[in-house]
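See structure below.
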Amino acid sequence: MIYYNVTSRLDRSIEAEWINWMQEKHIPEMLNTKYFAEVKLLKIDFDDKEDNPTYATQYLLASETLLESYIENKDDILKNKIIEKFGERVLSFNTKLEVISEHK
């Protein structure tokens, strides 16, 4: 399993709007691409509460091949929607996380 992790730092003034947009628009649109098995939206909890809020959105894929296909076919289109909606009020970077093992 592979996680496509997007870490986003927000301007505090748009936090509620961004969360709502992610839950109501963006995440459903990502799931509708059929590349992702599930999506988790996580808030990163820093000690410094004065900082702008930071979130991690983790998109689970069954294989690296699916991730490569998503990046080639859909990634820029969906990233541009975020840029159009929020501009520089959201700064994001992506990482690929490979699941080595799981323990329950």
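Just so you know, all these numbers are worked out from the coordinates, no wet-lab data involved. Everything numeric here is computed off the predicted structure, so don't read it as measured data. Note: ideal-geometry Cβ built from the backbone for every residue, glycine included; neighbour counts use all protein chains shown.
Rounded to a whole number of µm²/s, how large is the Stokes-Einstein D of the chain at 4 °C and 1.567 mPa s, given Rh as the Kirkwood radius over C-alpha pairs? Don't skip to the answer; put the middle values down first.
Details: Rh = 14.5 Å.
The diffusion coefficient I find is 89 µm²/s.
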(message) Rounding to the nearest 10 and keeping the result within 0 to 90°, find how far the Cα-based axis of helix 76-86 lies from the longest principal axis of the chain.
(response) 10
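Where nothing but the Cβ of Lys and Arg (+1) and of Asp and Glu (-1) is charged, how large is the charge dipole of the chain around its Cα centre, in debye to the nearest 20? Display every interim value, and only then the final one.
Details: 14 positive and 20 negative charges, 54 e Å.
With Lys and Arg at +1 and Asp and Glu at -1, about 260 debye.
What value in Å³ per residue do you get for the convex hull of the alpha-carbon atoms in segment 45-104?
On the way: hull volume 7.4 nm³, N = 60.
Hull volume over Cα atoms, normalised by residue count, gives 123 Å³.
Going by the alpha-carbon gyration tensor, a ≥ b ≥ c the square roots of its eigenvalues, is segment 1-59 rounded (a/c under 1.5) or, if a/c is not under 1.5, prolate (a/b greater than b/c) versus oblate? If you can, show how the numbers build up before the last one.
On the way: a/c = 3.50, a/b = 1.63, b/c = 2.14.
Oblate, since a/c reaches 1.5 and b/c is not below a/b.
Report the chymotrypsin sites (Phe, Trp or Tyr not before Pro) located in segment 9-98 that are in a DSSP loop and have at most 14 other Cβ atoms inside 10 Å of their Cβ, or state none. Could the numbers behind the result be given before it?
Numbers: sites: 18, 21, 35, 36, 46, 55, 59, 70, 86, 93; in loops: 35, 36, 46.
The qualifying sites are 46.
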